[in-house]
1. Could you tell me how many of the residues in the range 38-63 are touching a strand residue (DSSP E or B) at 6+ places or on another chain (Cβ under 6 Å) and exposed (fewer than 15 other Cβ atoms within 10 Å of the Cβ)?
2. Just to be sure before I move on: is residue 73 in a loop (DSSP other than H, G, I, E, B) and modelled with pLDDT under 95 in the structure I sent?
3. Would you pick out the residues in the range 39-54 that are in contact with a helix residue (DSSP H, G or I) (Cβ under 9 Å, 6 or more places away or on another chain) and either within 11 Å of residue 5 (Cα to Cα) or touching a residue at least 60 places away in the same chain (Cβ under 8 Å) (or both)?
């Protein structure tokens, strides 16, 4: 089994919600504290592209995208 493509650091999250708005199939916000909830650590297709965009938009850098190295599987 491969490592997850995404990880989310709730300790770093500031609850801006950019991830949930950009990739709602991949991210949500906790109803209690507003912090990121990772719904799909290994998104595919359009959800993967949206997750990549959400990681780039995160103002606190709480979302990490783990890209496999070329040639490794």
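The values are calculated or read from the model by the stated rules, or taken from the named source; none is laboratory data. Since we're looking at a predicted model, the values are computed, not measured. Positions of Cβ are generated from backbone atoms using ideal geometry, with glycine treated the same way; all protein chains shown enter the neighbour counts.
1. 1
2. Values: in a loop (DSSP other than H, G, I, E, B): yes; modelled with pLDDT under 95: yes.
When the stated conditions are applied, residue 73 passes them.
3. 40, 42, 43, 51
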